[in-house]
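Structure first, then comments.
The values are calculated or read from the model by the stated rules, or taken from the named source; none is laboratory data. In this text, all values refer to a predicted model and were calculated from it rather than measured experimentally. Counting neighbours? That spans all protein chains shown, and the Cβs are built from the backbone with ideal geometry, glycine included.
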Amino acid sequence: MVDEYKLIFEDLKNLNLKSMTIKETEKMKSLDIKTLHDLLYYFPRAYDDRTNIKKIEELRGDEYVVLKVQFLTISNPYIPSRIKMTKARATDGTGVIDVVWFQMPYLAKSLKVGEDYILIGHIKRGYNFQMTNPEYKKVSNQIEMEKGEILPVYSTTKNLAQNTLRKILKKNVVTNKKYFMENIPYEIVEKYKIMNRQKALNEIHFPQDKKNLEEAKRRFAIEELLILEMGILEKKFIEGVSDGKKYELKDSKILVKNYLKNLSFDLTKAQKNVITDIYKEFNSGVFINRLVQGDVGSGKTVVAMVLLLYIIENGYQGVIMAPTEILATQHYLSIKDDFEKLGVRTEFLTGSVKGKKKEKLIEDIKNGEVSLVIGTHALIEDNVEFEKLGLIVIDEQHRFGVVQRKKLRDKGILSNLLVMSATPIPRSLALSIYGDLDISIIDELPPGRKAIKTKWIGTEPDLEKAYDFIEKKLSEGRQAYFVVPLIEDSEKMAVKSIEQYKYEIENRFSNYRIGILHGKMKNSEKDEVMKSFKNKEIDILLSTTVVEVGINVPNATIISIINAERFGLSSLHQLRGRVGRGEYQSYCFLISKTDNDVSKARLRIMEKTQDGFEIAEEDLRLRKSGEIFGTKQTGFSDLKFIDIIQDVKTIKAVKDMCIEYLKEKKGIIDNPYLKMDIEEKFKEQLS
Ligand code: ADP
Ligand code: MG
């Protein structure tokens, strides 16, 4: 059975399904359908609900509708091109619509004026309402119509007809019983009265009625979450109950004390609280698995340093992992001296460390001669072994999601884990999204920070003024960032390339030195530029969002974000956090000529507040779904059947189901199909 189930993840063409030609299999690839699983989970985009026929007088336009009409005229007008067009006018007695089909000249003969037809398609508002290439169906049987029939409507491509897709699905949904074993543990199915998988698959594609359809949708939402949450929680549960190391840590904290003595400031109360909480957790017998959230500039690094020194003093090794080479370098440069002063050997290991040097380093880490390793993800990839690993700190969480954490654990790199994130996430979401992490919040900024003055620049004269202002600040010795959005479709979006901006900015600020930073550059080149900026050999840094996370140059006090409407609030907030890091007043210019109301509202929020949590809440209000503040790579942002805002309750409920189940089962998932689905899900995300 289990072996048979595996087949649903096989390439479709190896399955040799009777109901599908090889050609059709090929075409499906463009819909991202590669396996039987993909096919069966290719759910309708909408339903053609015959129970819900619209009247023409009720139409609003730009909607997907089912109409019951009679044709008034049908013809093939001559147009001087190879395109063949069929035009029709139709009515249902409450109004008139125009219908156009392309490349189907035979329709002019086969459709009959004065008989009843069903038209299904997208309706647009023009002079009359208009449908292009709608589906049509002759109403032959009045009873069938009245009874109603709900047909699936799939997103499809030109060369794969809606009806073909329907036929294929109908056959496979019904006949492939043997593959479709229940992947939700039966305890959960029973307790929460969940529609079984076989039935739900049938109902979601070919619903008998709306009630069944809703039940089926609920089932797939739960199933999808269950696969994710079980995958996340399974390991945590096992770690939690079994042999979590008992850390017998000394309380002297001499290294910590010396480190703090050397700092030029006192820790904030919030920093202290988080540190004391985590101290206690080391001795709890369970691995720490904690997210430390704190707005940009709240001083997360210091917190991490203190905790690292604590375990290092006790003979353990520590790791700091950063998402990029630049950040890793920055950490290394700022930490190394302080730590070596305390006699703590600190080393740097990223993809750019190679050859003999690397071999030696890996050897030293294995022997426990290195106390702190700072690096990038290369640390996981390279199978680095530790003698006695005590704490892993992951900086800037939103580039390092659930999947990567699972990967760490799967590689047997089990240790205490602290994830530092500058991305504020509304509490309501955080609890469900970070299924496997406990959360601490540093909810206070160090004293004396000046608010960053933020202004939305919407016109040319304002832009000129802003440039004058920037020039003045540069002349006083400050530095400035310019950030441009990533360019996907430069022509269409009329966004200038970074090269063009370079030209513009070089012209405008001809007395100043300009550096460029973008994702396509080699790591070594990026590091060079960052170093020059830090050392004040460059006055202006023109960059893409590469600078988004963690870069710390206190003398840079102005950030101008070009085409600011193209960034999410999350990014704007992170970008703004690049300034306001030192003693000087800092400024943020949001340059945008947007007309869009939501964009405007976003820019105004940025002007109004600097509180990341507030911004996150506002962001939630402005968006209905899609990618939300800081949810990328949590594994929750690419869910198909769940909207992480609308369905917070479901997320929470499913998480509770998982915990309850895992407790009952002592951490073991005993449904093999679910296990396989989890494996697939995480495999997919890692590739
Ligand atoms: P983030 O939380 O964004 O990672 P950092 O840890 O980089 O913030 O800290 C930002 C700046 O604030 C650093 O220059 C750091 O030295 C400084 N800092 C950290 N804690 C304090 C504090 N308690 N008082 C004053 N400055 C602090
Ligand atoms: Mg930081």
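Scanning segment 553-588 for residues being away from ligand 1 (no atom under 15 Å from the Cβ), modelled with pLDDT of 90 or more and in a loop (DSSP other than H, G, I, E, B) gives a total of 2.
From the residues in segment 307-322 that are surrounded by 23 or more Cβ atoms within 10 Å (Cβ to Cβ) and more than 25 Å from Lys407 (Cα to Cα), which one is nearest to ligand 2 (Cβ to nearest atom)? Step by step, filter segment 307-322, then rank; the result is Leu309. Looking across segment 293-343, the residues that are assigned to a loop (DSSP other than H, G, I, E, B), within 33 Å of the chain's Cα centre (by Cα) and more than 22 Å from Ile362 (Cα to Cα) come down to Asp295, Val296, Gly297, Ser298, Gly299.
Of the residues Val344, Val302, only one is among the hydrophobic types (A, V, I, L, M, F, W, C) and either assigned by TED's automatic domain parsing to the domain that holds Met530 or within 16 Å of ligand 1 (Cβ to nearest atom) (or both); which?
Details: Val344 fails: either assigned by TED's automatic domain parsing to the domain that holds Met530 or within 16 Å of ligand 1 (Cβ to nearest atom) (or both).
Selected residue: Val302, the only one of Val344, Val302 that is among the hydrophobic types (A, V, I, L, M, F, W, C) and either assigned by TED's automatic domain parsing to the domain that holds Met530 or within 16 Å of ligand 1 (Cβ to nearest atom) (or both).
Which of the following residues is basic (Lys, Arg) and away from ligand 1 (no atom under 16 Å from the Cβ): Lys357, Lys336?
On the way: Lys336 fails: away from ligand 1 (no atom under 16 Å from the Cβ).
Being basic (Lys, Arg) and away from ligand 1 (no atom under 16 Å from the Cβ) holds for just one of Lys357, Lys336, which is Lys357.
When segment 526-540 is filtered for residues that are at pLDDT 95 or above and either touching a helix residue (DSSP H, G or I) at 6+ places or on another chain (Cβ under 6 Å) or within 16 Å of ligand 1 (Cβ to nearest atom) (or both), the ones remaining, listed by number, are Ile538, Asp539. Taking the criterion of being near ligand 2 (Cβ under 10 Å from one of its atoms) and surrounded by fewer than 22 Cβ atoms within 10 Å (Cβ to Cβ), the residues of segment 274-305 that qualify are Gly297, Gly299, Thr301, Val302.
Evaluate the following for Ile188: is it in contact with a helix residue (DSSP H, G or I) (Cβ under 8 Å, 6 or more places away or on another chain), in a loop (DSSP other than H, G, I, E, B) and modelled with pLDDT of 90 or more?
On the way: in contact with a helix residue (DSSP H, G or I) (Cβ under 8 Å, 6 or more places away or on another chain): yes; in a loop (DSSP other than H, G, I, E, B): no; modelled with pLDDT of 90 or more: yes.
When the stated conditions are applied, Ile188 does not pass them.
Evaluation of Val296 against the conditions (1) touching a helix residue (DSSP H, G or I) at 6+ places or on another chain (Cβ under 7 Å); (2) more than 9 Å from ligand 1 (Cβ to nearest atom); (3) at pLDDT below 95 shows that the sole unmet condition is (2).
Listed conditions (1) free of Cβ contacts under 8 Å to residues at least 12 places away in the same chain; (2) outside any loop (DSSP other than H, G, I, E, B) are all met by Ser264, apart from (2). Against the conditions (1) surrounded by fewer than 21 Cβ atoms within 10 Å (Cβ to Cβ); (2) in a helix (DSSP H, G or I), Asn183 satisfies every one except (2).
Scanning for something out of contact with any Lys or Arg (no Cβ under 8 Å at 6 or more places or on another chain), of a type in the set (S, T, N, Q) and at pLDDT 90 or above, does segment 64-84 turn up at least one residue?
Restricting attention to segment 64-84, the residues satisfying the condition of being out of contact with any Lys or Arg (no Cβ under 8 Å at 6 or more places or on another chain) are 64, 68-70, 78-84.
Keeping just the survivors that are of a type in the set (S, T, N, Q) gives 70, 81.
Now narrow it down to the ones that are at pLDDT 90 or above: 70.
Yes, some residue in segment 64-84 is out of contact with any Lys or Arg (no Cβ under 8 Å at 6 or more places or on another chain), of a type in the set (S, T, N, Q) and at pLDDT 90 or above.
Here is a yes/no grid of residues against (1) at pLDDT 85 or above; (2) over 19 Å from Arg513 (Cα atoms); (3) in a loop (DSSP other than H, G, I, E, B):
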site	(1), (2), (3)
Ser428	no, yes, no
Leu431	no, yes, no
Asp436	no, yes, yes
Ser440	yes, yes, no
Lys450	no, yes, yes
Tyr467	yes, no, no
Leu474	yes, no, no
Ala480	yes, no, no
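Would you point out the residue of segment 612-660, among those that are out of contact with any Pro (no Cβ under 6 Å at 6 or more places or on another chain) and aromatic (Phe, Trp, Tyr), that is modelled with the lowest pLDDT? Once the filter is applied, the top-ranked residue is Phe629.
Could you list, in sequence order, the residues of segment 122-136 that are over 9 Å from Leu67 (Cβ atoms) and crowded, with 19+ Cβ neighbours inside 10 Å?
Applying the first criterion (over 9 Å from Leu67 (Cβ atoms)) to segment 122-136 yields 122, 124-130, 132-133, 135-136.
Selection gives Phe129, Tyr136.
Among residues of segment 336-357 that are modelled with pLDDT of 90 or more and surrounded by 16 or more Cβ atoms within 10 Å (Cβ to Cβ), those with a beta-carbon under 7 Å from a residue that is assigned to a strand (DSSP E or B) and among the β-branched types (Val, Ile, Thr) at least six positions away or on a different chain give the pairs Lys336/Thr346; Phe339/Thr346; Thr346/Ile374; Glu347/Val373; Phe348/Ile374; Leu349/Val373. Which one is farthest from Pro152 (Cα to Cα) among residues in segment 47-106 that are touching a helix residue (DSSP H, G or I) at 6+ places or on another chain (Cβ under 7 Å) and in a loop (DSSP other than H, G, I, E, B)? Checked segment 47-106; the qualifying residue farthest from Pro152 (Cα to Cα) is Asn76.
If you take the residues in segment 507-536 that are surrounded by 17 or more Cβ atoms within 10 Å (Cβ to Cβ) and among the basic types (Lys, Arg), which one is nearest to Glu464 (Cα to Cα)? Among those that are surrounded by 17 or more Cβ atoms within 10 Å (Cβ to Cβ) and among the basic types (Lys, Arg), it is Lys534.
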